[in-house]
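Novice: Right, I'll just put the structure down here and ask away after.
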Amino acid sequence: MTHTIGISGSTIMSDETKFNDLFRDQEQITHIEIGEFENEEAFQRFLTLLKTSNKTFGIHSPIYRNGSKYDLLEKFQYAPEQAWTLFEKEIQRLVKLGTQYILVHFPYFQGSAQNPDTLIEQGLKRLSELQQTYNLPIVCEPKLGLDQSPKGIEYLNAFPISLWEKYGLKLCIDIGDYLLAADEQALSMIQKWKDHIKVVHLHNIEFIDDKYIWVPIHPSHEDDGKHYSINEILHVLSGYRDLIWVLEHTPHSNPSQTFIQEGINWLADDVLKNNLSKKY
């Protein structure tokens, strides 16, 4: 069993001037997941830095900012057929660059939908065909919809595992999204997909009026009454095989490097090292 700890481009909002922050010499962090580059020049600069590092990488679609992000099942910004075309073009490019996977928001529903099982299976079929054609792993991340709608995550939870297994795709579980969607039921919903999880997006949440932001994980959040407790979820997931843990937060809370590093140490030392022998 191996676990990999990575950092997300969300921590710098994919800002080209801050790429060096992703390549810090941190022993625990050996992977970068990033997308939404400002332009081709920024993408090329990232790839140049990557070549001189010891890190692997995954791409969070879209590659470029303002690309299609939520549109495979229904129109959000692009018509679905256009979104599928754009997504395939990204895959065609990435297979030449050594990326470990491409991650896509799927299933994403803005709110309620008719026949969600049919829509999800149709999407899975197309994703599976792309994965087989190009031999690039595709990781599906179910997301909250508009106004924090939990429907996409709920529809996935109701979707038959036997059908998912038929198409051979892996999942990304965003801990924050699952907690917002299901709160105390989040862990049981995650456990259903135990054998299909490849990536974990890891952050906590702070609420500001009617909005929320992503903040780094930290052990002090566990009993402060302001954040979600994630310790149990982390310990359960630490017993799963071969996960990539991607640390996410946005810069809005301006966390210190010390605070961020304490969260990394908590995951690496207190959670993963102490629980690798456990099976849940």
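Novice: Tally the residues that are at pLDDT 95 or above, open to solvent by 90 Å² or more (accessible area, probe 1.4 Å) and either of a type outside the set (Lys, Arg) or touching a His at 6+ places or on another chain (Cβ under 9 Å) (or both), restricting the search to region 21-55.
Specialist: 2
Novice: I would also like to ask the following. Restricting region 241-266 to residues that are of a type in the set (Ser, Thr, Tyr) and modelled with pLDDT of 95 or more, which is most open to solvent (accessible area, probe 1.4 Å)?
Specialist: Top of the filtered list is Thr258.
Novice: Report yes if some residue within region 46-65 is outside any loop (DSSP other than H, G, I, E, B) and either among the acidic types (Asp, Glu) or over 21 Å from Gln100 (Cα atoms) (or both); otherwise report no.
Specialist: For region 46-65, residues outside any loop (DSSP other than H, G, I, E, B) and either among the acidic types (Asp, Glu) or over 21 Å from Gln100 (Cα atoms) (or both): absent.
Novice: Here's a check for you: in region 91-140, which residue that is closer than 22 Å to Asn157 by Cα and charged (D, E, K, R) is surrounded by the fewest Cβ atoms within 10 Å (Cβ to Cβ)?
Specialist: Lys125
Novice: Across region 228-257, what is the number of residues that are in a helix (DSSP H, G or I), among the polar types (S, T, N, Q) and within 24 Å of Phe57 (Cα to Cα)?
Specialist: Of the residues in region 228-257, 1 are in a helix (DSSP H, G or I), among the polar types (S, T, N, Q) and within 24 Å of Phe57 (Cα to Cα).
Novice: May I ask you to list the residues in region 167-207 that are under 11 Å from the mean Cα position of the chain (by Cα) and either open to solvent by 20 Å² or more (accessible area, probe 1.4 Å) or not β-branched (Val, Ile, Thr) (or both)?
Specialist: If the condition is that a residue be under 11 Å from the mean Cα position of the chain (by Cα) and either open to solvent by 20 Å² or more (accessible area, probe 1.4 Å) or not β-branched (Val, Ile, Thr) (or both), then Leu171, Cys172, Asp174, Gly176, Asp177, Lys198, His201, Leu202, His203 are the ones that fit.
Novice: Need the failing condition index for Ser238 against (1) under 15 Å from the mean Cα position of the chain (by Cα); (2) buried (at least 20 other Cβ atoms within 10 Å of the Cβ), just the number.
Specialist: Condition not satisfied by Ser238: (1).
The values are calculated or read from the model by the stated rules, or taken from the named source; none is laboratory data. Quick caveat, the model's predicted, so the values are computed rather than measured. Because the Cβ atoms are built from the backbone with ideal geometry, glycine has one as well, and the counts that use them run over all protein chains shown. Heavy atoms of the whole protein, side chains included, go into the accessibility calculation; ligands, DNA and RNA do not. Shrake-Rupley method; radii C 1.70, N 1.55, O 1.52, S 1.80 Å.
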